[in-house]
1. Please enumerate, by chain and number, the lysines with C-alpha under 18 Å from the C-alpha of residue 237, excluding those fewer than 8 residues away in the same chain.
2. Rounded to the nearest Å, what's the spacing between the alpha carbon centres of the stretch 104-153 and the stretch 184-227? Just the number, please.
3. Residue by residue through the stretch 155-172, what is 3J(HN,Hα) from phi via Karplus (6.51 cos²θ - 1.76 cosθ + 1.60, θ = phi - 60°)? Round to whole Hz and write x for glycine and proline.
4. At 1.4 Å probe size, with the rest of the protein present, what percent of the exposed accessible area of the chain is carbon and sulfur atoms?
5. So which lysines pass the test for residue 107, namely a Cα distance under 18 Å, with those fewer than 8 places away in the same chain ruled out?
6. Which of the listed residues, 105, 117, 149, is farthest toward the dipole's positive end in the stretch 76-220, when Lys, Arg count +1 and Asp, Glu count -1 at the beta-carbon?
7. Hey, got a sec? Which GluC sites (Glu not before Pro) in the stretch 1-109 land in a DSSP loop and have at most 16 other Cβ atoms within 10 Å?
8. Residue-wise, which Karplus ³J(HN,Hα) couplings in Hz belong to the stretch 213-226, taking 6.51 cos²θ - 1.76 cosθ + 1.60, θ = phi - 60°, and x for glycine or proline?
Amino acid sequence: MQSLLEKKARRERITALTAYDYPTARLLDESGIDVILVGDSLGMVVLGYEDTTEVTLDEILHHTRAAARGVKRALLVADLPIHTYDTPEQAVETSRALVEAGAQAVKLEGGVSHVSQIKAVVAAGIPLMAHIGMLPQSVREEGGYKIKGRTPSEAEALVRDGKAVEAAGAFSVVLEIVKADVARQITDALTIPTIGIGSGQHCDGQILVTHDLIGFFPWFTPKFVSPQAQVAEEIRKAAASFIRQTRSV
Ligand code: KIV
């Protein structure tokens with residue numbers, strides 16, 4: 001946590017990717033990534049749900065245990081699934097379970113609306129990463145993954161959210177699909193690092209869903225991602241080659 005703050009002070013970019021299993025976590029850890037997130041994007045890219053709102057605590061715990069076995073060096077953060085932090089007491093209980101499963105820090109979605117939960121988790125001695133902007137756990141109410149900060153009042157509310165989570169004790173904050181100039185404004189206004197996803201280049205760090213980065217979920221890729229590999233194609237080629245070879249004997 002301290003080294004992330006120091007990186008912001010030195011204007012050194014923070015790198016973060018998701019992992020939900022042992023080999024991916026180990027490969028990312030060995031690659032030198034700063035933060036590994038067992039995100040509830042698990043629901044979409046691993047479990048085949050439509051969105052993150054179906055992910056349960058048991059599922060996140062199971063995948064956090066697996067990822068934790070592969071991490072020696074990076075900071076391992078795990079997501080609090082929807083409705084597992086509706087009250088400060090529940091947020092603390094869920095966060096403790098995630099720490100017991102191997103997470104070093106937890107993440108929850110919400111700004112001003114979740115200050116009491118953030119304060120309670122931090123007071124319990126558990127480091128917390130906040131998440132503001134587009135909140136995937138609210139995608140059904142929002143009617144889609146829409147960019148945030150397009151109007152002056154939305155931009156002001158986002159800056160308020162950022163300041164509120166910092167004051168509540170969060171050690172960093174994810175900005176998801178926030179207009180780039182607003183993300184810059186939040187980044188400049190905060191001491192804690194901002195970690196952007198689809199929020200432009202002015203954040204203190206960047207996070208992506210690893211499946212998007214490596215082309216392992218070819219049925220949907222967010223517009224802001226440029227995949228750096230085509231893993232799905234490699235799997236299709238290997239499977240086709242195995243099928244050919246087996247049938248030809
Ligand atoms: O669940 C997740 O993967 C996330 C990142 C997209 C920030 O919350």
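The values are calculated or read from the model by the stated rules, or taken from the named source; none is laboratory data. Just so it is clear, the structure is predicted and the values come from calculations on it, not from any experiment. Virtual Cβ from ideal backbone geometry, glycine too; neighbours counted across all protein chains shown. Ligands, DNA and RNA are stripped out before the accessible areas are found, and what is left, the full protein with its side chains, is counted by its heavy atoms. Shrake-Rupley method; radii C 1.70, N 1.55, O 1.52, S 1.80 Å.
1. Output for residue 237: empty list, no partners.
2. Centre-to-centre distance over Cα atoms comes out at 16 Å.
3. Result, rounded to whole Hz: 5, 4, 5, 5, 4, 4, 4, x, 5, 5, 6, 5, 5, 6, x, 4, 8, 6.
4. On the way: 6630 of 12160 Å².
Looking at the chain in its full context, I get 54 percent from C and S.
5. The reachable lysines, counting only those whose Cα sits under 18 Å from residue 107, are 119, 163.
6. My answer, from the dipole projection, is 149.
7. Details: sites: 6, 12, 30, 50, 54, 59, 89, 93, 100, 109; in loops: 12, 50.
The qualifying sites are 12, 50.
8. 4, 9, x, 10, 9, x, 7, 7, 10, x, 4, 7, 9, 10
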